[in-house]
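Inspection log for the structure reproduced underneath, given as structure tokens.
The values are calculated or read from the model by the stated rules, or taken from the named source; none is laboratory data. Note that the structure is predicted; figures quoted are calculated from it, not measured. Cβ placement follows ideal geometry from the backbone for every residue including glycine, while neighbour counts extend to all protein chains displayed. All accessible areas refer to the heavy atoms of the entire protein, side chains included, with ligands and DNA or RNA removed. Shrake-Rupley method; radii C 1.70, N 1.55, O 1.52, S 1.80 Å.
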Amino acid sequence: MPEGPSVRKFHHLVSPFLGQQVVKTGGSSKKLNPASFQSLWLVLYFGGGGFLAFYNCQMAWSPSPVVIPASDILSEKFHRARALEALSQEQPVCYTLLDQRYLLNEALYRAGIHPLSLGSLLSPPHLEALVDHVVEFSADWLRGKFQGKQQHTQVYQKEQCPVGHQVMKEAFGPPGGFQRLTWWCPQCQPRLPPDEQEQGRLS
């Protein structure tokens, strides 16, 4: 699935240090030694002033990431058709949105789609609505982060949805793959029987 707003925020925060030299390190790791990159925290001080602090994270040497604007949901070059194609695969839509955490829960709730609904059985309008909610929530989340505001969630880490129904929580993910906790409302996001899903796909 396209990159979430967390990636855009991280890029915005670290871009001022692009091309600068690291002149000093601090934290649990005093040297840039890959063997020690699993430490609790690391601080990088730059020659141009300023620093970056990494907390509770694991690091490793890797080549420069390949930036694909078409896969960035907040980019002007975002390729909507590719996102729709990814979501329409014959697998639960929550697997496609797996890496987006809160975005996964909020977008599915607002679109009224059960996390385990097969993308291949969702109607085009449902898929279009899901992409709309993904983009809208991502933009609101990023804007709130830059303004120092906490993004309001409707089901993520909630006990009840806005309507008052009990929210369910369960870990979902591909068999043998990564499992992520998912929140959803079984009343607002009913899991349709296969025959009804098929009828919805054809509508």
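Give the stretch 81-93 a look and list any residue that's farther than 19 Å from residue 178 by Cβ and assigned to a helix (DSSP H, G or I), or say none.
81, 82, 83, 84, 85
Would you be able to say whether some residue in the stretch 94-105 is assigned to a loop (DSSP other than H, G, I, E, B) and either among the polar types (S, T, N, Q) or open to solvent by less than 50 Å² (accessible area, probe 1.4 Å) (or both)?
Yes, that holds for at least one residue.
Being of a type outside the set (Gly, Ala, Ser) and closer than 26 Å to residue 88 by Cβ is the filter; apply it to the stretch 162-178 and report the residue that is least open to solvent (accessible area, probe 1.4 Å).
By that ranking, first place goes to 172.
Would you say residue 88 is at pLDDT 85 or above and open to solvent by 20 Å² or more (accessible area, probe 1.4 Å)?
yes
For the stretch 131-159, give me each residue that is in contact with a Gly (Cβ under 8 Å, 6 or more places away or on another chain) and touching a residue at least 60 places away in the same chain (Cβ under 8 Å).
138
Among residues belonging to the stretch 121-149 that are under 15 Å from residue 191 (Cβ atoms) and in a helix (DSSP H, G or I), point out the one that is farthest from the chain's Cα centre (by Cα).
121
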